[in-house]
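A quick write-up on the structure given underneath.
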Amino acid sequence: MTLIYFLTFIVLLPCVHLDEAVKDDYSESLLIKPLPDGMIYNHFQFKTILHQDIEYLHLENHFDRFPLAIGNFISKNLIKELTFSLGRGHWKLNTWGYPLRYQPNGAELWVTLQNFNPNPWKSWKDITSTLSGLFCASLNFIDKAATTKPKFSLKPDGIFINDSYRPDNVFYASLAHEAVCTENLTPWKKLLPCFSKAGLASLLNAVQIFNSNYFALSLDVKSICRNPSCNETSTEITQSVQVVFNPPAMFEGKHRWSIVKFFGTSLKEECKLASSSKIYVETTVNDTDNSYNLSPLPETSIESDFQGEKRRFAVYDVKKMIEHNRNNNVNKFNIYSMYQKEYIYKKVNPPYITAHRYITGYGVYLGGITCRITNSLTKAQNVTYLDVIPWYLRIYIHTLSITSNNVEIKPSKLYHKPGKDRAQPHHIEIILELPPLSDTIITYDFERAFLKWTEFPPDANHGVYVGAATLTFQPTNFQNLTIHPEHTESLDPPTIKIKTENLLVSLPTPDFSMPYNVICLVSTVITLAFGPIHNLTTKRARIAIQSKEGSNLKDRIFKFFKRS
Amino acid sequence: MFSLICLIVCFSSISRCYGSNVDKVDNFFSKSKHTNNWAVLVCSSRYWFNYRHVANVLSIYRSVKRLGIPDSRIILMLADDMACNPRNTRPGTVFNNAHHQLNVYGDDVEVDYRGYEVTVKNFIRLLTGRVEDGTPRSKQLLTDESSNILIYLTGHGGDGFLKFQDSEEITSVELADAFEQMWQKQRYNEILLITETCQAESMAQQLYSPNIIGIGSSKIGEDSLSHHGDPTIGVYVIDRYTYYALEFLETVHSNSSKTLSSFLEVCPKKYCISTVTVRKDLFHRDPAQVPLTDFFGSVPKVNLMPTPKDEDLVTW
């Protein structure tokens, strides 16, 4: 293998050197969107593009803005696409609409390997352990028993030249119990070219952003077209952070917000390595009767048309503004927003497709999982449902029922891979058409398996988590969609992935002190039994010989005194 | 007679020689031979009410990091997530003081083993270097025969054991055997073992490998007590021994001449309430001559190798 690399290296070396245009590009942006219920959604996006095909990344021996650790990691494990995210809190789908990237509580990893990977399972294991070291997360708990290879749900995000995409190379796993905190954010920030020293990343102050209603951190690697003809690809790495703040909780009940108050610091310095550094504030829903005023006034305002859905954004160029401030000897960069009148809460229209999942049944023997998918559109919608259930909840597939408004419906496709104890999770994928204005219920039953004594987590009575189910669909209505102004050029209709809630299932737990009790009891019994048995077996019984002495008076008196 | 005089003169000259160099020789042998410093900091307690154990370990983490041991050489094990625990009213922070002067979690922390990963098995594997294939470097103790290691353990203990995660225990015998394995594999030069648990003395009692100094926060039969609680968090925030040890460590800087013997006296009984115990018999240097930075900081000695001659160089 090394020899092949070496030869390719020798052959391709001149081309690499001649191509002076090979460079990487870094850009950053922050999208601030007021959510329908008054909360503020902040989406940070840091994008680094390396003009090198991901499959030839091993030829790159000098990384400029592209993180070296990720570059080496990709070329070592022959990765084509990678999506890694960590989330904390629950995205309120019904009130907040669709985010740019949906991340449930816990960790999620989805990797597509390159086609000529000689040992995909080994790469997968190396990927999980490397990422666990890189991001201080317990991803090494992802083993074969937690991994699935989805068939229909996860379509690639990036470009696959000559249709080289093979679903067999896709690996997917989630860890619902994974905690997210500063230790994950710290190494993530260190991958950025300006670290957290300058630019928008300097706003990511751990104490502030963990004091929020929702937080998600992600890293995505994919291939994009290098030129319009798309015969060559570049490698793009997108790091994003999503934070939702509740302004009344931070501004004494007032509906206003400011960057300094949210992030605890003002933007002091721009990242000079960034080709663009922008802050967008969505002003689409800025009502005429009670609008909010942004200060300072935005430099420009753009209007984007996303397949008929119009959005307005106020644009701030961070580099220009900091430069301007510096010239005027102002060292504080802040954007704040205030309503002219009292904020009025309005009825929020939920998105037209929502999914919620919950546990049914009682006791610790049998149970069921139900997912309720609502379609409030007046036309049918095709969706793909993916559910991965750990092996210790044994799914009975014959109990699977899909009903819509109490009428049974047939899925267009159903894939089920039964779980194997300690080796493979249960994997269910369903493609179905949701009837117009319907409430579709997918339900199936399971039986809880007995775990071995040592397999229980330390807090066994807390229960175990089941990762979120994924619902994928191509929207026909873009109303509740969050649209990033930099993404409007793509002509393909976007694919929306929404996640259901994680489930917490209690397992039948043994009495962990039982071995100690048994040891104590058995030891007591043995001790009690041992004494008499030992006496019986080791001592010889003898008839005591009555002495003939003591018949006379003198002896009797002597004996009497001796006894007393 | 002449030969006798000769002998006396000879001896006296030798002893004079010896006398003038005695300090030099003593200095030479009392200096540590270590070239790198590592720290293994373990909090083995789960659940919110054990907040103080996480605060203990993070206080030490902060000190060793300040004194120059980089994150790549600190193995931090936290059995539960306290900073972002739903019960923490100030997410992302861990305070070791009710006055909230110092957020010991900071903005730059790297936790290597966390949550369910903190097990006896992983701890022993880490020490002995018998980690599973593909374990990332940040989760390995890549020490050699010239590494000084600071091992700090905190949690709930008893006579001869330390509880991990409220579900399993490491015994002092297992710990002693792990250290012996490390010694045989030349994985350390010297070890400073600090145990902040109840009956902590017992953890160092079974050790039999050389160059280890063991500090326990309490005698066998004694409880190790917490220092004070924080009403805004609702739990105790730090243990007594670590509180006073930290107070002392805050006065130490990387060039400081403070010695190990002064560290051994940081918590007298009237402050600690428990008796701090020290096991010195395995340690061959005099603690009064050992700079504290031999364990808590990273002040490596650079060994220069002789420059190879041109003809010795392997050229391609």
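The values are calculated or read from the model by the stated rules, or taken from the named source; none is laboratory data. Just so it is clear, the structure is predicted and the values come from calculations on it, not from any experiment. Here Cβ is always computed from backbone atoms with ideal geometry, including for glycine, and neighbour counts include all displayed protein chains. To get the accessible areas, we keep the full protein, side chains included, count just its heavy atoms, and leave off ligands, DNA and RNA. Shrake-Rupley method; radii C 1.70, N 1.55, O 1.52, S 1.80 Å.
The table for this structure:
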| read-out | value |
| --- | --- |
| Among residues of the range A:307-333, those that are closer than 30 Å to A:Q479 by Cα and either buried (at least 18 other Cβ atoms within 10 Å of the Cβ) or without any contact (Cβ under 8 Å) to a residue 24 or more places away in the chain (or both), counted | 5 |
| Test: residue in the range B:85-98 that is of a type in the set (G, A, S), more than 7 Å from chain A (Cβ to nearest Cβ) and in contact (Cβ under 8 Å) with a residue 12 or more places away in the chain | yes |
| Identity of the residue in the range B:243-254, of a type in the set (S, T, Y) and closer than 19 Å to B:I69 by Cα, that ends up surrounded by the most Cβ atoms within 10 Å (Cβ to Cβ) | B:S254 |
| Matching residues, the range A:142-157, being surrounded by 19 or more Cβ atoms within 10 Å (Cβ to Cβ) and either modelled with pLDDT of 90 or more or outside the structural domain of A:F66 (by TED's automatic domain parsing) (or both) | A:I142, A:A146, A:T147, A:T148, A:P150 |
| Of the criteria (1) under 19 Å from A:G361 (Cα atoms); (2) crowded, with 16+ Cβ neighbours inside 10 Å; (3) within 14 Å of chain B (Cβ to nearest Cβ); (4) not polar (S, T, N, Q), which one A:H462 fails | (2) |
| Selection from the range A:110-136 of residues that are buried (at least 19 other Cβ atoms within 10 Å of the Cβ), touching a residue at least 40 places away in the same chain (Cβ under 8 Å) and facing chain B (nearest Cβ under 8 Å) | A:T130, A:L134, A:C136 |
| Listing of strands (runs of 3 or more DSSP E) fully contained in the range B:131-199 that carry 2 or more residues being open to solvent by less than 40 Å² (accessible area, probe 1.4 Å), away from chain A (no Cβ under 14 Å) and of a type in the set (S, T, N, Q) | B:147-154 |
| Matching residues, the range A:81-106, being open to solvent by less than 10 Å² (accessible area, probe 1.4 Å) and out of contact with any His (no Cβ under 7 Å at 6 or more places or on another chain) | A:E81, A:L82, A:F84, A:S85, A:L86, A:G87, A:W91, A:L93, A:W96, A:G97, A:Y98, A:Q103 |
| Subset of the range A:158-208 that is acidic (D, E) and closer than 24 Å to A:S223 by Cα - its residue that is modelled with the lowest pLDDT | A:D163 |
| Lone qualifier among A:D289, A:D305 - being more than 16 Å from A:Y336 (Cα to Cα) and either more than 31 Å from the chain's Cα centre (by Cα) or not assigned by TED's automatic domain parsing to the domain that holds A:I209 (or both) | A:D289 |
| Wholly enclosed strands (runs of 3 or more DSSP E) of the range A:21-115 bearing at least 2 residues out of contact with any Leu (no Cβ under 8 Å at 6 or more places or on another chain) and of a type in the set (A, V, I, L, M) | A:40-50 |
| Residue list for the range B:45-62, filter: in a helix (DSSP H, G or I) and either β-branched (V, I, T) or crowded, with 24+ Cβ neighbours inside 10 Å (or both) | B:Y51, B:R52, B:H53, B:V54, B:A55, B:N56, B:V57, B:L58, B:S59, B:I60, B:Y61 |
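Every residue, every condition in (1) open to solvent by less than 30 Å² (accessible area, probe 1.4 Å); (2) of a type in the set (S, T, N, Q), yes or no:
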position	(1), (2)
A:R372	no, no
A:L400	no, no
A:K420	no, no
A:T470	yes, yes
A:F478	yes, no
